[in-house]
Amino acid sequence: MIKFSVCIEALYNKLPFIERIEKTAAVGMKTFEFWGWGGKDIDAIKAAKDKFGLEVGTFGADAGGAIVDPAYRSKITDGMKKSAEVAHKLGCKSLIITTGNEIAGVSRDAQHQSIVDGLKVAAKVMEAEGLTLCLEPLNVLVNHKGYYLATSAEGFQILDEVGSPNVKLLYDIYHQQITEGNLIATITANIDKIGHFHLADVPGRHEPGTGEINYKNVFKSIAETNYQGFLGTEYWPIGPDDDSLKMLLEMTKDM
């Protein structure tokens, strides 16, 4: 079954933050997500979530700094514990983590190992708290020049080296189409290692149907696996936000 999580950092972003939650419910979606929790009114988010009967799909964890840099290693546990507290308050089971940008003058091998070591520290907190942490590769060709982790292959390798069932990959369909393509084969071969999806079309990062990705086939392939998580709508629509979400529901109504 395909389950969407409305990214309210992208959708309804011209509205005050809490009003975006109401709009999510009004269009018929059951779940929303957002980026980092720092500086946000978590009590207000919880109140709106409860009022409209919604679920929080995921949000960005605070690792205390870039996990690609071992200088921040000592801050990871505290950052993960604080993020876990927010997750429990919101009834959320999944968190997102990024690597940070490449460090000039440091080998890729050393940075890779720092990410593995940092995630092992984070994994202990996730396991104790009953949460899943999702590591996100990003494309460096269009949007995130300088970011360390671009390929899903290295992402899955990192997960294997971390060796925790509570650390998975956030597979962003938009980013991986730009980076490597081969979407369906990669997704289906690695579905047990994927904890969350993000979606947008290429080029432009707009709603499905505006670019080159055959999203109906991608959704169908995901629906035919044992994946139980969410697909986050991290796109900036060309058309009305409501219409784009209704289109996704219509496209996947039998999946």
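Read-outs: derived from the displayed coordinates by stated rules, not from any lab. Bear in mind the structure is a predicted one, so any value in this text is a computation, not a measurement. For neighbour counting, all protein chains shown are included, and Cβ atoms are generated from backbone atoms with ideal geometry for every residue, glycine included.
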| remark: In segment 23-54, anything among the acidic types (Asp, Glu) and closer than 29 Å to Lys220 by Cα is listed as Glu33
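Among Glu154, Glu136, which is within 21 Å of Lys120 (Cβ to Cβ) and more than 14 Å from the chain's Cα centre (by Cα)?
Details: Glu136 fails: more than 14 Å from the chain's Cα centre (by Cα).
Just a single option satisfies the conditions, and that option is Glu154.
Take the residues of segment 86-110 that are over 18 Å from the mean Cα position of the chain (by Cα) and assigned to a helix (DSSP H, G or I): which is surrounded by the fewest Cβ atoms within 10 Å (Cβ to Cβ)? First the steps, then the outcome.
Just the residues of segment 86-110 that are over 18 Å from the mean Cα position of the chain (by Cα), to begin with: 89, 102-110.
Still in the list and also assigned to a helix (DSSP H, G or I): 89, 108-110.
Working: Lys89: 14, Arg108: 11, Asp109: 8, Ala110: 11.
Restricting to residues being over 18 Å from the mean Cα position of the chain (by Cα) and assigned to a helix (DSSP H, G or I), the top hit is Asp109.
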| remark: Picked from segment 111-153 (must be charged (D, E, K, R) and part of a loop (DSSP other than H, G, I, E, B)), the residue surrounded by the fewest Cβ atoms within 10 Å (Cβ to Cβ) is Lys145
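So that you can scan it fast, the table gives a plain yes or no per residue for (1) of a type in the set (Phe, Trp, Tyr); (2) farther than 25 Å from Gln157 by Cβ:
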site	(1), (2)
Thr179	no, no
Ile184	no, no
Ala189	no, no
Lys193	no, no
Pro203	no, yes
Thr210	no, yes
Tyr215	yes, yes
Val218	no, no
Phe230	yes, no
| query | Of all the residues that make up segment 162-208, how many are surrounded by 16 or more Cβ atoms within 10 Å (Cβ to Cβ) and either aliphatic (A, V, I, L, M) or in contact (Cβ under 8 Å) with a residue 40 or more places away in the chain (or both)? | reply | 24
| request: Determine, yes or no, whether Ser221 is surrounded by fewer than 21 Cβ atoms within 10 Å (Cβ to Cβ), in contact with a Leu (Cβ under 9 Å, 6 or more places away or on another chain), in contact (Cβ under 8 Å) with a residue 12 or more places away in the chain and in a helix (DSSP H, G or I). | output: yes
